[in-house]
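Data block below; observations after.
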Amino acid sequence: MVIGIESTRIDEYKALHAAVWPQVLERLQQAQVRNYTIFLREPENLLFGYWEYHGQDFAADMALIAVDPETQRWWSVCTPCQRPFESRQAGDHWAMMENVFHMD
């Protein structure tokens, strides 16, 4: 997944992610999200996110994340740093990307 980041908020975004709130991490783990990584590409100011889902009911697990009050509060401080693409799908914040290559 990919999203833009405001150039003036990169340091803030890095600081937030250097100390992600424990409750947010716990909710992600409960929703079967593993190996979550966010990369920054400058000077284009792009964030590339990757995570693996290990559960059985993706929609239900993502709904648990979305209704969690602490996650919502986390999003409220992270979202102003981000610049979503106009071309993203309806309902998406980060734009999803097509997997064109994978090697185990």
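The values are calculated or read from the model by the stated rules, or taken from the named source; none is laboratory data. Computed from a prediction, not measured in an experiment: that's the story for all the values here. Heads up, the Cβs are rebuilt from the backbone with ideal geometry, glycines too, and the neighbour counts pull from every protein chain shown. Quick note on the areas: whole protein, heavy atoms, side chains included, nothing else; ligands and nucleic acids left out. Shrake-Rupley method; radii C 1.70, N 1.55, O 1.52, S 1.80 Å.
Below are the figures for this structure:
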{"quantity": "The stretch 63-104 - residue that is of a type in the set (Gly, Ala, Ser) and either farther than 18 Å from residue 13 by Cβ or surrounded by 10 or more Cβ atoms within 10 Å (Cβ to Cβ) (or both) and, of those, nearest to the chain's Cα centre (by Cα)", "calculated": "95"}
{"quantity": "Failed criterion for residue 49 (all others in (1) in a strand (DSSP E or B); (2) at pLDDT below 95; (3) of a type outside the set (Lys, Arg) hold)", "calculated": "(2)"}
{"quantity": "Filter pass, residue 32 being under 15 Å from the mean Cα position of the chain (by Cα) and open to solvent by 70 Å² or more (accessible area, probe 1.4 Å)", "calculated": "no"}
{"quantity": "Residue in the stretch 52-74 that is basic (Lys, Arg) and in a strand (DSSP E or B) present", "calculated": "no"}
{"quantity": "Breaking point among (1) out of contact with any Phe, Trp or Tyr (no Cβ under 9 Å at 6 or more places or on another chain); (2) open to solvent by 60 Å² or more (accessible area, probe 1.4 Å); (3) assigned to a helix (DSSP H, G or I); (4) farther than 30 Å from residue 104 by Cβ, for residue 23", "calculated": "(1)"}
